[in-house]
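Below is one structure, written out as structure tokens; comments come after it.
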Amino acid sequence: MRVFQSAKQLNTTIQKLKSEGVTIGFVPTMGALHEGHMSLIRAAKEASDYVVASIFVNPTQFNESSDLKKYPKTPTSDKRMLQLEGCDLVFMPSVDDVYPDGEHKEIDLAFGDLDKVMEGAHRPGHFAGVAAVVKRLLDIVEPDGLYMGQKDFQQTAIIQHMISHFELPTKLVICPTMREIDGLAMSSRNRRLTKENRAIAPIIHKVLQEVKEAYLDEYDVVDIEQIALEALTNAGFRPEYLSIADGVTLQAIRRKAGHNYVVVCVAAWAGSVRLIDNVIIKAL
Ligand code: AMP
């Protein structure tokens, strides 16, 4: 496994591989890797000749500097895990490698209503930062396949929008959310949970499953959302939002008719840790 810091050197290596007809699968991450990330590496490996992973905690997508400061960093174990999984190239750039002379921090792209709701509404500027860094990484890595997790459901919609807008030659592959045995969605942030909050954390997935059942059981959407929010609050969370949304437009569903793709997404604080999760209620 080769580790690169310089964008230029990585791009030169990739250009050479591509000229030999090698296909590239790419997994962008912010490090503090876990089994969820590894599932993306495995999916990329299955479909590509070479797998590239990046580890970059992108400052421009953090709307709160304290969140950026607290973000866990485990580079030694990250490299070991990637090596064991058979990743070929790892990009571990500095902020200056990604944004030389402060450039590439922004892209000229509107997201329509996609970033007006859920994470977009609660984390101003977050998706502008995410889209810009992924665009920059795609320009460097030029992958055939980009592997991302359903865990960040809204992020996948934003990135698909960006890929389509710029007509990039990369296919987005969305991989299922990997969970702990008790249902908690794996996340780099989980390691910051206190023992008490780790104990209640699986309730989030349980509530999402109950929302799914209630939706399919003909209950009213607004009532379901309200009951679920109360259940989370009673369990000890501070929920930010819980939205039963159209899987394509991401807009909140008020009447069930006409929605063939339905997802329930949630963000809730467990102590000082902000957790997000989602469950597909109706698949396309
Ligand atoms: P992050 O390092 O949190 O930015 O995540 C990097 C990629 O891993 C994103 O595409 C995430 O959606 C994905 N990911 C994070 N957690 C999981 C999980 N539990 N299961 C599957 N993919 C995940």
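The values are calculated or read from the model by the stated rules, or taken from the named source; none is laboratory data. Keep in mind that this is a model prediction, so the values were computed, not measured. Quick reminder, even Gly has a Cβ in these numbers, built from the backbone with ideal geometry, and neighbours come from all protein chains shown. Just so you know, the surface numbers come from the protein's heavy atoms only, side chains and all, with ligands and any DNA or RNA stripped out. Shrake-Rupley method; radii C 1.70, N 1.55, O 1.52, S 1.80 Å.
Is it fair to say D108 is outside any loop (DSSP other than H, G, I, E, B), open to solvent by 40 Å² or more (accessible area, probe 1.4 Å) and of a type in the set (D, E)?
no
For residues that are assigned to a strand (DSSP E or B) and over 17 Å from the mean Cα position of the chain (by Cα), tally how many sit in the stretch 257-276.
So the answer is 3.
What are the residue pairs meeting all of these: first residue in the stretch 249-272, first residue within 12 Å of R238 (Cβ to Cβ), second residue open to solvent by less than 50 Å² (accessible area, probe 1.4 Å) and among the hydroxyl-bearing types (S, T, Y), Cβ atoms under 6 Å, and 6 or more apart or on different chains?
A267/Y241
I need a count of the residues in the stretch 187-228 that are surrounded by 19 or more Cβ atoms within 10 Å (Cβ to Cβ) and not in a helix (DSSP H, G or I).
Here the count works out to 3.
Examine the stretch 105-112 for a residue that is within 12 Å of the ligand (Cβ to nearest atom), at pLDDT 95 or above and among the aliphatic types (A, V, I, L, M), and state whether such a residue exists.
No, there is no match, as no residue in the stretch 105-112 is within 12 Å of the ligand (Cβ to nearest atom), at pLDDT 95 or above and among the aliphatic types (A, V, I, L, M).
Could you please give the count of residues in the stretch 254-282 that are within 22 Å of G183 (Cβ to Cβ) and open to solvent by 60 Å² or more (accessible area, probe 1.4 Å)?
Qualifying residue count for the region: 2.
If you go through the stretch 73-87 one residue at a time, do you hit one that is within 15 Å of the ligand (Cβ to nearest atom), open to solvent by 40 Å² or more (accessible area, probe 1.4 Å) and touching a helix residue (DSSP H, G or I) at 6+ places or on another chain (Cβ under 8 Å)?
Checked the stretch 73-87: at least one residue is within 15 Å of the ligand (Cβ to nearest atom), open to solvent by 40 Å² or more (accessible area, probe 1.4 Å) and touching a helix residue (DSSP H, G or I) at 6+ places or on another chain (Cβ under 8 Å).
Determine whether D113 is in contact (Cβ under 8 Å) with a residue 40 or more places away in the chain, acidic (D, E) and either in a helix (DSSP H, G or I) or out of contact with any Cys (no Cβ under 9 Å at 6 or more places or on another chain) (or both).
Judged against the criteria, D113 is a match.
Which residues, taken from the stretch 128-183, are away from the ligand (no atom under 14 Å from the Cβ), assigned to a loop (DSSP other than H, G, I, E, B) and farther than 20 Å from R42 by Cβ?
E142, F166, E167, L168, P169
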